[in-house]
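The values are calculated or read from the model by the stated rules, or taken from the named source; none is laboratory data. All figures in this text were calculated on a predicted structure; none of them were measured in a lab. We place every Cβ from the backbone using ideal geometry, glycine too, and count neighbours over all the protein chains shown. The accessibility values were calculated without ligands, DNA or RNA, using every heavy atom of the protein model including side chains. Shrake-Rupley method; radii C 1.70, N 1.55, O 1.52, S 1.80 Å.
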There are 2 protein chains.
Amino acid sequence: MEQIKVLLNESDIPRRWYNLAADLPTPLLPPLGPDGNPVSPDMLAPVFPMNLIEQEVSAERWIDIPEEILNILYRWRPAPLRRALYLEKFLGTPAKIYFKDESVSPPGSHKPNTAVAQAWYNKQFGIERLTTETGAGQWGSALAFACKLVGLECKVFMVRISFDQKPFRKMMMGVWGANCVASPSSETNAGRHVLEKMPDTPGSLGIAISEAIEQAVTDTSGKTRYSLGSVLNHVLLHQTIIGLEAKKQLEMVGIKKPDVVIGCAGGGSNFAGLSFPFVADKINGADIKIIPVEPTACPTMTRAPFVYDFGDTACTTPLLAMHSLGHSFVPPPIHAGGLRYHGMAPLVCQAIVEGLLEPRAYHQLQSYEAAITWAGTEGFIPAPETSQALAAVIDEAKKAKEEGKEKVILFNYSGHGLMDLTGYDAYLSGRLTDYELPDEEMQKYLKDLEQLPKAEMRKTGKW
Amino acid sequence: MEQIKVLLNESDIPRRWYNLAADLPTPLLPPLGPDGNPVSPDMLAPVFPMNLIEQEVSAERWIDIPEEILNILYRWRPAPLRRALYLEKFLGTPAKIYFKDESVSPPGSHKPNTAVAQAWYNKQFGIERLTTETGAGQWGSALAFACKLVGLECKVFMVRISFDQKPFRKMMMGVWGANCVASPSSETNAGRHVLEKMPDTPGSLGIAISEAIEQAVTDTSGKTRYSLGSVLNHVLLHQTIIGLEAKKQLEMVGIKKPDVVIGCAGGGSNFAGLSFPFVADKINGADIKIIPVEPTACPTMTRAPFVYDFGDTACTTPLLAMHSLGHSFVPPPIHAGGLRYHGMAPLVCQAIVEGLLEPRAYHQLQSYEAAITWAGTEGFIPAPETSQALAAVIDEAKKAKEEGKEKVILFNYSGHGLMDLTGYDAYLSGRLTDYELPDEEMQKYLKDLEQLPKAEMRKTGKW
């Protein structure tokens, strides 16, 4: 039997995060304020603590991970690197498939890597309470977990339809002491405003973001801040511990570099966390194919232009330079809820524009088929988001078989699917369909983008 | 930071199971047939394959684990031994608390250790299909998982009320291709008989067992057998890989023996799996306190006599020598569903009678309080069954503090609670209560035991 688990001790954990902004061939485009000018760090101060804002705008290549943060992460980190030997055999592929198992964290995904860091920096800055939004609850549960361990209050605005229909992650937040309310709520102006007009609304992530930000910036004590689970530079930074661990672990089994690196991408953080240390190698000349995978139903990277757009539907954030389907885009109700974001992390987008990444989209049904194959070979049940990455992994492994090449494929197993079994049930009973936006509708969204005040297209590299 | 995770490589996995029957001071009492005589292996042949029956009656100390079984277990084994350093600090105890993390298996508990072995031996014996029963679904999902990987059909009779109210483990079984039906079903005589009389019955584990056994023994092709998830000797045998790994891992951190070993016990398999290798040491003179923990609501070990009783409510099994509250005992609806069994594994019971174990009962509310403490310190959310063990761990750690002794406490973290969040929700919103059987009612059950045909009390050791 060949080695399956490649395990690091606590003493081998990476002690610095990697910042891709330091190595991108062209400087990262700054976020813009309502006046069309780059926002200054001060302008973000009511929303985020200054120590995180400093990370957000940093161009330093390496940023030390405080020992106290590592002491929290040791509960599940270093995470295992595992070889998918059973899947390899099933496929009959000469490829070696390795994955970082981020499902081993207490909330079951990669999200706590940044939740813990954000909670800790806020605590250091004297903040006592964090607010955030959550859809199905992955991010909300991760922040609840982090706040509990760091010692902060946590307030989560959860989209009402998920709050009502998927109560389990809400209960999970309760175990960690967070206060989770359905959004729209009557606690904020934004929420009340919506409820007046549409008392029966199912809610939306956009509304929930508005509520969470409002409650952070209107706390006159100054002790509340807002926390975001993806998209932003500092969030991606905190996730790079995944890829840095993976590099050490691949070295332990004598692999100098992977040939293919794969991760699913909704806001971009799990993909970036695994891949950015390898993107750095690629910038330095290494031959690595790096694939962010998205659902065909929300084809941000594969169909949308690189523009300046708002991060939220309510237009309260600065304008971010990213591939965007438009902040008013409402993706179809696919089960990979974490991949239903209209935009994409600016760092990931700029790496796409620079020609460093090869984004790819998969249909929902193919992803579930890949997930069932995985569960029947490797045994574990993947999250629907992770299943999108799996579809690409299986394709690449089959390609290696056709080519007869012993490629090393590395991917991020970003989370388990134990809280997402209704999607499997729908798939297995034939109730799921594929979604793809008709060109006509896509054009409509792209046209909306043209209306964006001060949106600025940018074309560099091969874009 | 001290070492938290003690990790074994695949090459360090134990290659033999340990059979406590070889070392018990007095020979294990055999199961009895309807005529009051010991059942012969042949009589079990319609229910179990002969290779497992041989293990059931074996008095060999060590039994080799087939390489093919190890090749399946490597998906998650060796399981981590972890130190609960965060809980230790929170309690301010000088005790070192270590736990085997059995929650890392794909179905999330220790159950697959025997499910995989049973499926494999059945397959070897030419069996094509396994039947079983399940309450909330822990065992059913473990057997579904094992059958998928080994290549057997799997049929699970799930107690109707759980089938309807807790559909998630049913969906999990579906992912692994099992056929899960609500019990009572119209597929068996036993089920039809009940449905005729009580069409709206919520079902019971007793009925489900009868259905599963009936479907196994009435398959005229001879290709179907039945599988049980706890209680029996061969089931406990397969679980000893837990304790054998733990011994190696404790040695890796310089610990010659634990002072206290703790596991929750419903049918007894996770407790036995961790503790039996240490019970062997205790028989050989080691000073180890070994504590099986049960709920006060179902006090098999702490209040019930050691008798011969049926393993199921329908009286279809042989009579087993065990502590029993009576096969007609219906425990209150505590959330630790896996601990609601009227009896206890004969091997565990005989070790109690021999004075080797010190059983203890905890109330439901104290267990949930322990679970919340665990989730807020160690970060992970334990299964309600595991939480019973945690209550004892915390008590022992506090006692070590009072005594100022640096004891080593080892316990089995038998499963995670991600599929059991409704119990947490009920606890946190104040809807849970404690249960303890009034003496009057207990006497009634004990009196029922006197009616048992050919039941034989046995008193040895300190009993």
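Identify the GluC sites (Glu not before Pro) of the stretch B:399-437 meeting these criteria: DSSP loop state and at most 12 other C-beta atoms within 10 Å of the C-beta. Taking the stretch B:399-437 and a limit of 12 other Cβ atoms within 10 Å, the loop GluC sites (Glu not before Pro) found are B:406. The aspartates and glutamates whose alpha-carbon is closer than 17 Å to the alpha-carbon of residue B:123, local same-chain residues fewer than 8 away aside, are B:54, B:67, B:68, B:153, B:219. Is the C-alpha gyration tensor of the stretch B:101-183 telling us rounded, prolate or oblate? Criteria: a/c under 1.5 is rounded; beyond that, a/b larger than b/c is prolate, otherwise oblate. Oblate shape, in that a/c is at least 1.5 and b/c is the bigger or equal ratio. Legend: mean number of C-beta atoms from other chains within 10 angstrom of residue C-beta atoms, peptide B:103-112, equals 2. In the context of the full set of protein chains, chain A has a per residue accessible area of 35 Å² (1.4 Å probe).
Among beta bridges from DSSP that stay inside the protein assembly as shown, the antiparallel ones total about 35%. In terms of the mean number of neighbouring beta-carbon atoms within 10 Å, the peptides B:15-22, A:55-62 order highest first as B:15-22, A:55-62.
Per-residue mean of foreign Cβ neighbours for B:169-176 is 6 (Cβ atoms of other chains, 10 Å radius). Within chain A, antiparallel bridges make up roughly 35 percent of the DSSP beta bridges whose residues both belong there. Each listed q (0.07 Å⁻¹) maps to a log10 I(q)/I(0) for the protein assembly as shown, found by the Debye formula over equal Cα scatterers with no solvent: -0.57.
Per the Debye calculation on the stretch B:111-246 with a single equal scatterer at every Cα and no solvent contribution, log₁₀ I(q)/I(0) for q = 0.11, 0.18, 0.21 Å⁻¹ amounts to -0.37, -0.94, -1.21. Here the Karplus relation 6.51 cos²θ - 1.76 cosθ + 1.60, evaluated at θ = phi - 60°, turns the backbone of the stretch A:95-103 into coupling constants of 5, 9, 9, 10, 9, 7, 9, 8, 6 Hz, with x for every Gly and Pro.
Other residues with beta-carbon under 12 Å from the beta-carbon of residue B:364 carry, at +1 per Lys or Arg and -1 per Asp or Glu, a net charge of -3. Longer than 18 Å from Cα to Cα, which of A:96/A:401; A:5/B:148; A:96/A:247; B:100/B:398; A:247/B:100 are they? Say none if no pair is. Too far apart for the 18 Å limit: A:5/B:148; B:100/B:398; A:247/B:100.
In terms of its alpha-carbon gyration tensor, the stretch B:325-450 comes out oblate; a/c meets the 1.5 threshold, while b/c is at least as large as a/b. Excluding ligands, DNA and RNA and using a 1.4 Å probe, chains B and A jointly bury around 3800 Å² of accessible surface, summed across both partners. The label-point distance for residue B:164 and residue A:193, in a model that sets each label 7 Å from Cα toward Cβ, rounds to 4.6 nm. For chain A, the longest principal axis of the Cα atoms and the long axis of helix A:439-450 meet at an angle of about 50 degrees. What does the C-alpha gyration tensor say about the overall shape of the stretch A:232-320? Classify as rounded when a/c is under 1.5, otherwise prolate if a/b is larger than b/c, or oblate. Prolate shape, in that a/c is at least 1.5 and a/b is the bigger ratio. Each Lys and Arg contributes +1 and each Asp and Glu -1, all at the Cβ; summed about the Cα centre of the protein assembly as shown, the dipole is approximately 1020 debye.
Computed from Cα positions, the angle between helix A:138-150 and the longest principal axis of chain A comes to roughly 80 degrees. Amide H contacts of residue A:344: A:323, each under 5 Å away and 5 or more positions distant or on a separate chain (H built 1.01 Å from N in the peptide plane; Pro and chain starts excluded). Excluding same-chain neighbours fewer than eight residues apart, the aspartates and glutamates reachable from residue A:399 by a Cα-Cα span under 19 Å are A:88, A:259, A:287, A:358, A:369. The modelled label-to-label distance between residue B:252 and residue B:12, using points 7 Å beyond Cα along the C-beta direction, is 0.3 nm. Straight Cα distances below 21 angstrom link residue B:447 to the lysines B:459, with same-chain residues fewer than 8 positions distant left out.
Once you put a point 7 Å from the Cα of residue A:328 and another 7 Å from the Cα of residue A:431, both along the Cβ direction, what distance in nm separates them? Each label point is offset 7 Å from its Cα along the Cβ direction, giving 3.2 nm.
Computed over the stretch A:293-362, the P(r) tail beyond 15 angstrom holds 48 percent of alpha carbon pairs. Relative to the globular-protein estimate of 2.2 N^0.38 Å, the Cα radius of gyration of the stretch A:5-150 stands at 1.27.
Peptide B:3-10 shows a mean partner chain C-beta count of 5 within 10 Å per residue C-beta.
For the stretch A:154-170, the Karplus equation 6.51 cos²θ - 1.76 cosθ + 1.60, evaluated at θ = phi - 60°, returns couplings of 9, 10, 10, 9, 9, 3, 4, 5, 6, 3, 7, 8, 10, x, 6, 5, 5 Hz by residue, with Gly and Pro reported as x. For the stretch A:3-76, with all protein chains in place and a probe radius of 1.4 Å, 54% of the accessible heavy-atom surface sits on carbon or sulfur.
Most tightly packed first, judged by the mean number of other beta-carbon atoms within 10 Å of their residues, the peptides A:172-179, A:47-54, A:385-392 read A:385-392, A:172-179, A:47-54. Averaged over residues, the count of other Cβ atoms within 10 Å places the peptides B:411-421, B:195-205 in the sequence B:411-421, B:195-205, highest first. Can you give the angle from 0 to 90° between the axis of helix A:364-377 and the longest principal axis of chain A, with both taken from C-alpha atoms, to the nearest 10? Approximately 50 degrees, to the nearest 10.
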